[in-house]
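Just so it is clear, none of the values below were taken in a lab; they were calculated from the coordinates. These figures come from a predicted structure and were not determined experimentally. Backbone-built Cβ (ideal geometry, glycine too); neighbour counts: all protein chains shown.
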Amino acid sequence: MSKDAHTTHAAEEDERNRDIKIWVNGDIVHRDDAKVSVYDSGFMLGDGMWEGMRLYDGVWAYFDEHMDRLFESCKAVSLDIGMDRGGVADALRQVQAANGMHTDVHCRLMVTRGVKVKPFQHPSLSQSGPTTVIIMEHSKPVASLQGQGIRLATVPQVRGLPMAQDAKYNSHSKLNCVIACLQAEQAGADEGLMLDPHGFVNTTNACNFFIVRKGQVWTSTGDYCMNGVTRQKVIDLCRADGIPVFEKNYSLVEAYGADEAFLTGTFGAQTPVAEIDGKAIGNGDRPVTARIQALYKQAIADHVAEKSA
């Protein structure tokens with residue numbers, strides 16, 4: 001990766017993160033003491049699910065939507081989390097309190113099938129219950145993300161068909177995305193733009209992808225990508241505010257010719273895209289992206305006010 005490269009998850013350095021407390025199966029311990037077994041199914045096989053969430057002024061943004069996805073995914077792979085939504089919310093509060101955190105915090109909640117009795121694949125070998133880890137960090141996106149934008153490279157690695165491994169799973173098995181990220185880095189870009197199995201523009205290795213053409217906002221059909229919480233919020237906000245938005249198939253030709261492009265994700269919200277495959281996107285003006293960013297910022301403020309009331 002070149003010296004001036006960065007990713008959508010580039011965060012400002014924060015010394016406080018050196019001493020954060022982490023939840024490991026009900027215990028809250030210093031990060032240096034937070035460990036899981038080498039027999040854990042997540043370590044051995046990537047057998048688990050996770051959620052990334054963000055704390056704004058004491059409120060976990062769109063917690064219900066994140067829990068919908070987590071519990072649905074775990075049900076689909078017969079993984080018992082071992083707690084209900086209230087239990088998850090309480091665990092988050094405990095870790096938040098232990099770290100004295102209130103805002104500008106990113107959380108990674110991870111659940112695996114747990115420790116195995118033998119180092120083999122079969123799920124029945126995980127007999128002691130799930131492993132749950134909650135990592136919270138003080139985390140603000142670097143300021144340069146907004147001005148400089150992200151550089152994407154189209155990569156040969158695709159998001160596959162649902163019967164291979166459904167991209168809607170937010171699973172620990174992320175090798176598909178890691179390979180895409182490596183391919184983009186080796187092409188001199190920040191992140192990889194991944195196509196779907198039919199060759200249409202799909203998603204990046206880390207975020208959902210949108211373009212703006214003649215005032216219209218386009219994103220993929222959602223059939224072959226993680227259906228991100230922020231992705232859906234952007235679609236909903238566009239519809240509510242009268243911005244034409246379409247979930248559709250479109251090609252790289254149309255992406256190259258876009259007036260604007262941006263990524264969505266829990267960490268960065270909406271991050272501009274500066275170029276794809278070395279081709280500059282638009283003329284550098286991003287009025288529709290800025291409008292959506294303002295709508296999302298207000299939506300977060302309204303959500304926080306409602307949950308805090």
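Report, in listed order, any pair from LYS116/LYS168; LYS116/LYS307; LYS214/LYS297; LYS174/LYS214; LYS116/LYS140 with a Cα-Cα distance greater than 29 Å.
LYS116/LYS307; LYS174/LYS214; LYS116/LYS140
Mind checking which of VAL59, VAL24, GLY284 is farthest towards the positive end of the chain's charge dipole, using Cβ charges of +1 (Lys, Arg) and -1 (Asp, Glu) about the Cα centre?
Positive-most Cα among the choices belongs to VAL24.
How far is helix 287-308 tilted off the main Cα axis of the chain, in degrees rounded to 10, range 0 to 90?
30 degrees
Where the convex hull is taken over the Cα atoms of the range 26-77, what is its projected area averaged over directions, in nm²?
For the range 26-77, the mean projected area of the Cα convex hull comes to 5.2 nm².
What ranking of MET44, MET83 emerges when the number of other C-beta atoms within 10 Å of each C-beta is taken as an exposure proxy, fewest first? Please report the intermediate quantities before stating the final value.
Numbers: MET44 19, MET83 15.
Ordered from fewest to most neighbouring Cβ atoms within 10 Å, MET44, MET83 come out as MET83, MET44.
Would you be so kind as to identify which of LEU193, SER220, PRO130 lies farthest towards the positive end of the dipole of the range 114-225, taking Lys and Arg as +1 and Asp and Glu as -1 on Cβ and the Cα centre as origin?
PRO130
With a bin width of 10 angstrom, please list the P(r) values of the range 15-138 as percents of all Cα-Cα pairs, from the 0 bin to the one holding the largest distance.
Per 10 Å bin, starting at 0, the Cα pair percentages come out as 13, 44, 33, 10, 1.
Could you state the principal axis extents of the C-alpha atoms in the range 144-305, from the largest down, to the nearest angstrom?
The Cα atoms of the range 144-305 stretch 39, 33, 28 Å along their principal axes.
Using the 10 angstrom Cβ neighbour count as an exposure proxy, how do PHE209, PHE120, PHE71 rank, fewest first?
Ascending number of Cβ neighbours within 10 Å: PHE120, PHE71, PHE209.
Treat every Asp and Glu Cβ in the range 110-201 as -1 and every Lys and Arg Cβ as +1, leave all other atoms uncharged, and give the resulting dipole magnitude about the Cα centre to the nearest 20 debye.
Numbers: 8 positive and 6 negative charges, 77 e Å.
The dipole magnitude comes to about 360 debye.
In Å, what Rg and Dmax follow from the Cα atoms of the range 83-136?
Both quantities, over Cα of the range 83-136: 14.4, 42 Å.
If you rank LYS279, LYS118 by fewest surrounding Cβ atoms within 10 Å, what's the result?
Details: LYS279 12, LYS118 8.
Final ranking by Cβ density, sparse to dense: LYS118, LYS279.
Restricting attention to the range 1-62, which trypsin sites (Lys or Arg not before Pro) occupy a DSSP loop and are surrounded by at most 15 other Cβ atoms within 10 Å?
LYS3, LYS35
When the helix-only estimate is applied to the chain (DSSP H runs of n ≥ 4, each -39,500 (n - 2.57), divided by the residue count), what is the mean residue ellipticity at 222 nm, nearest 500 deg cm²/dmol? Spell out each step's value before the answer.
On the way: 9 runs with 95 residues, N = 309.
Roughly -9000 deg cm²/dmol at 222 nm, from the helical runs in the chain.
Let me spell out the model: positive unit charges on the Cβ of Lys and Arg, negative unit charges on the Cβ of Asp and Glu, origin at the Cα centre of the chain. What dipole size does that give, in debye rounded to 20?
320 debye
Return the inverse of the average 1/r over all pairs of distinct C-alpha atoms in the chain, which is the Kirkwood hydrodynamic radius, in Å to one decimal.
Over the chain, the inverse of the mean reciprocal pair distance is 20.3 Å.
Whole-Hz Karplus ³J(HN,Hα) for the range 81-93, in order, using 6.51 cos²θ - 1.76 cosθ + 1.60 and θ = phi - 60°, x for Gly and Pro?
In residue order, the calculated couplings are 5, x, 8, 8, 4, x, x, 5, 4, 5, 4, 4, 4 Hz.
Of the options ALA167, MET83, GLN148, report the single residue whose Cα projects farthest towards the positive end of the charge dipole of the chain (beta-carbon charges: Lys, Arg +1; Asp, Glu -1).
ALA167
For helix 175-186, what angle does its Cα long axis make with the longest principal axis of the chain, in degrees from 0 to 90 and rounded to 10?
Taking Cα atoms only, the helix is inclined about 50 degrees.
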